[in-house]
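Worksheet for the structure shown next.
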Amino acid sequence: MDMKFVQTTCPYCGTGCSFNLVVKDGKVVDTAPYHRSPVNEGKLCPKGTYAHEFVNREDRLTVPLIKKDGKFEEATWDEAYKLIADKFKGYKPDEIACLSSARTSNEENYALMKLARGAFKTRHIDHCARLCHASTVAGLAASFGSGAMTNSIGDIAESKCVFILGSNTFEQHPLIGRRVMQAKMNGAKIIYADPRYTCTGKQADLYMQFRSGSDVAILNAMMQEIIRNGWEDKEFIASRVKGFEELKAEVMQEKYSLENVSKISGIPAEQLKQASEWFANAESACILYSMGITQHTVGVDNVKSVANIQMLTGNLGKAGAGVNALRGQNNVQGACDMGALPVVFTGYQKVIDPVAHKKFEDGWGFPDGICAPANGYEVTTMMDVLTDKPGELKAMYIMGENPLISDPDLTHVEHAFHALEFLVVQDIFLTETAQLADVVLPATCYAEKDGTQTSTERRVQMWRKAQEPPGQSKVDWKIIAEVGAAMGYPDQFAWESAEEIFNEMAGLTPSYHGMNYERLNKPEALHWPCPTEDHPGTPILHIGKFSHPDGMGIMHVCEYKPPAEVPDEEYPYILTTGRCLFHWHTGSMTRRSSTLHHEVPTGWVEINPEDAKELGIKDKEMVRAITRRGEIEIPAMVTEDIMKGVMFMPFHFAECAANRLTNNALDPIAKIPEFKACAMKIEKIQEA
Ligand SMILES: Nc1nc2c(c(=O)[nH]1)N[C@H]1C(S)=C(S)[C@@H](COP(=O)(O)OP(=O)(O)OC[C@H]3O[C@@H](n4cnc5c(=O)[nH]c(N)nc54)[C@H](O)[C@@H]3O)O[C@H]1N2
Ligand SMILES: Nc1nc2c(c(=O)[nH]1)N[C@H]1C(S)=C(S)[C@@H](COP(=O)(O)OP(=O)(O)OC[C@H]3O[C@@H](n4cnc5c(=O)[nH]c(N)nc54)[C@H](O)[C@@H]3O)O[C@H]1N2
Ligand code: SF4
Ligand SMILES: [Mo]
């Protein structure tokens, strides 16, 4: 028997844990701890532990598929490439849109970004960061000049007060949750605010339950209380921050008094007072947030408010502090860094900046130029354009995303996809989205390729190939390179390895400039920015100065605004959506992992016992959930852990898809949809 261990990085969440893949006779059969990772020190959550289970499933895609008369037929790679190139050459650049993938490596995102802007010459490229941390990227860039998590994961254990707002850290970033527990054991106070009393909340010293969508009011009230007591960091404000007087004028208003915000949010005034006191008087205090903050029509305001309170209390640029925006997908930080966004090339170099545009045009050397120096459409805008402006967008190329489960208002998304003339999907399974494609390209998963991914703490780590890909499937970057060659640009895509792509990218990207595979091939790897080959990387951002040109941080006035859709007589409950520990998004991988599937086989809606009583609904009973956009049937989970008036659903399950119900109202700046609040009614299903 031939057996080996291959160290790699977890393909699920942005924490960036490492483990070993156990390879027996050439096949991945198990995972085993890798103790030298400074991130997880050998520990794993259930998804990491069972990350081998979907790899050799018999329903992996193994051959290219072309749809003929509504049915998929197996094809050769050459047939697939020829069809794609013939079609895409026939469209104008602005008729093509690309979705890149936070599940794939930096190299693969860079490759798709180059294919889109260089070969297709389109300006429309985006990815799931739009549904996720688009508000963070916009909000923190406005506040600090850089849109990333400010501190490192290990640093959280050093904090004296951890305020978790809109992040269910123990289920969604379990190995970051471990650092929160270490901080607690070191004496830190843990404050947790969420409409649900989650397992994270159960470990907190103070739990504040509130109605979805009132975050700005809560943060403004806390800032008012801090300023009223003179707890703000006056020296930090004077030397490092602009906009304090304007912020003060806003938050000191009566509408943000503890009593008033208690009415808006449902949090008792005493708790808001306690939270403000602990937070402002701790030697160091950090905030952890995630989707509870970002997925709102006021997502950018929520993020700016988090930045405001950290500038107010001087909790930036030092250990145990910071704005820790927990990035979700394993490589969503990297996909953004690689320019898989409609406004930037790699390293946030703006597409509309003539200097950056010329740098990429010259660097890539396409004989007929690249995309126009103009911003493209966001994922959410693409869907609206497809339904509202027929004929403007005609073809789409999707790598590793499943919008037919993950985008808001699925009926609207289905209309959008039916309006497309030509769709290419590159995935590892025949997902709901792939089923609509004209061409399906079989890709490889993390266990079958080399590459790098960038975790939430900006740490760039390696994937290492452990087994051969199944059937004829190919590595994503290789597929993209061959499509690029078929489009007529073999020289621009003549890569032999992922490492070659990394080096090309690093040459064009200041924050990755000092990185190479040799330097990354160590357990601790490197955090960007890493501008030169002798630079040690940057675990903590904003020490001494912010990233704005003048080095100052900017406080922004944010006024509380309710969600786009609020409960009324017809739709009396707030629906909020999210995740559970055992499943990943659209379930394409975790629902194919037998252990994880066994733990949680289907979805549910969480209902407070008082609401359940009024509705006459019992635990586990099937109910009908209805919003203005659609309806589903779903089992009820009657639990004290959710606030009265609010109901929660995970969105992983196609048979009771939460996104049939969600609202696609957008934040005006980030264009992120309001997944975290809409109005819903629940009906008992009458027996026939
Ligand atoms: N197991 C697992 N882990 C994951 C993922 C997964 O699918 N499964 N996905 C990954 C990805 S891509 C991401 S982005 C992260 C997301 O990580 P999280 O943001 O932690 O996960 P969510 O469940 O979407 O939402 C977090 C919490 O926000 C609360 N919430 C609801 N409405 C509001 C509100 O108005 N304000 C506030 N402050 N909170 C509210 C919800 O009750 C929920 O407990 O997780 C990553 N990790
Ligand atoms: N209601 C509601 N909806 C939400 C959210 C919410 O909180 N509530 N959260 C939103 C958020 S934060 C996010 S990030 C999105 C996620 O939305 P998506 O990104 O659409 O969801 P995933 O299921 O992660 O899809 C990834 C796809 O990549 C494929 N894949 C995996 N590895 C590889 C690979 O190596 N190569 C290729 N080519 N494909 C691969 C998988 O099979 C899967 O089909 O969902 C959003 N939708
Ligand atoms: S915490 Fe995230 S990165 Fe770590 S094992 Fe779990 S899913 Fe993987
Ligand atoms: Mo996400």
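We did not get these values from a lab; they are worked out from the coordinates using the rules stated. Small disclaimer: the values here were computed from a predicted structure and weren't measured. Cβ placement follows ideal geometry from the backbone for every residue including glycine, while neighbour counts extend to all protein chains displayed.
Annotations for the structure displayed:
- For segment 239-309, the Kirkwood estimate of the hydrodynamic radius, built from every pair of different alpha carbons, is 14.0 Å.
- With θ taken as phi - 60° and the Karplus curve 6.51 cos²θ - 1.76 cosθ + 1.60 applied, the whole-hertz 3J(HN,Hα) list for segment 453-465 is 9, 10, 7, 4, 8, 6, 8, 9, 10, 9, 9, 10, 5 Hz, x standing for glycine and proline.
- Over the chain, dividing the summed -39,500 (n - 2.57) contributions of all DSSP H runs of at least 4 residues by the number of residues returns a 222 nm mean residue ellipticity of -8000 deg cm²/dmol.
- Dimensionless Rg ratio for segment 134-325, taking C-alpha atoms and the 2.2 N^0.38 Å reference: 0.92
- Each peptide in 152-165, 272-285, 66-79, 129-142 receives the mean, over its residues, of other Cβ atoms within 10 Å, and ordering these scores from highest gives 129-142, 152-165, 272-285, 66-79.
- Dimensions (Å) - segment 322-437, Cα atoms, principal axes, largest first: 42, 41, 27
- 3J(HN,Hα) couplings calculated from phi for segment 285-290 with the Karplus curve 6.51 cos²θ - 1.76 cosθ + 1.60 (θ = phi - 60°) are, in sequence order, 9, 10, 10, 10, 9, 8 Hz; Gly and Pro show x.
- Cα pair count fraction exceeding 19 Å, expressed as % - segment 522-636: 71
- Each Cα pair under 8 Å and six or more residues apart adds its separation to the average, and for segment 206-318 the resulting relative contact order is 41 percent.
- Shape category assigned to segment 6-109 from the gyration tensor of Cα positions, a/c cut at 1.5: prolate
- Summarised as an ellipsoid, the chain has semi-axes of 38, 30, 25 Å, derived from the eigenvalues of the Cα gyration tensor scaled by 5 and square-rooted, with the largest first.
- Beta bridge orientation in the chain: antiparallel %, DSSP, nearest 5: 50
- Estimated FRET transfer efficiency when R0 is 45 angstrom, pair LYS522-ILE669 (beta carbons, to 0.05): 0.70
- Three-way shape label, segment 1-51, alpha-carbon gyration tensor, a/c 1.5: prolate
- Model label points for LYS273 and GLN472, set 7 angstrom from Cα along the Cα-to-Cβ axis, are 7.2 nm apart.
- Within the shell of other residues whose beta carbon sits under 14 angstrom from the beta carbon of VAL566, the net charge comes to 0, with Lys and Arg scored +1 and Asp and Glu -1.
- Residue ranges 383-390, 521-528, 671-678 sort as 671-678, 521-528, 383-390 when ordered by packing (mean number of other C-beta atoms within 10 Å per residue, highest first).
- For the pair segment 649-688 and segment 423-471, the centres of their Cα atoms are 28 angstrom apart.
- Taking the centroid of alpha carbons for each part, segment 346-360 and segment 55-74 are 38 Å apart.
- Where Cα atoms sit under 25 Å apart: lysine pairs in segment 573-684 separated by 8 or more or lying on different chains: 16
- R0 of 25 Å, Cβ-Cβ distance ASP30-GLU73: FRET efficiency to nearest 0.05: 0.10
- Estimated translational diffusion coefficient (Stokes-Einstein, Kirkwood radius over Cα pairs, 37 °C, 0.692 mPa s) of segment 573-684: 227 µm² per second.
- Distant-in-sequence amide contacts of VAL605, defined by a placed amide H-H separation under 5 Å and a gap of 5 or more residues or a different chain, comprise ALA636, MET637.
- Length available on full extension from GLU41 to MET1: 0.36 nm per residue minus the Cα-Cα distance, which gives 11.5 nm.
- Summed side-chain charge close to ASP409 - residues other than ASP409 whose Cβ falls under 11 Å, Lys, Arg +1, Asp, Glu -1: -1
- For the pair segment 247-294 / segment 160-198, the C-alpha centres are spaced 17 Å from each other.
- Net lengthening on full extension, GLU283/GLU687 (0.36 nm per residue, minus Cα-Cα): 139.5 nm
- Net length gained if the chain between LEU206 and ALA238 were fully extended (0.36 nm per residue, minus Cα distance): 8.4 nm
- Ordering 508-518, 232-242 by mean Cβ neighbour count within 10 Å, with the highest value first, yields 508-518, 232-242.
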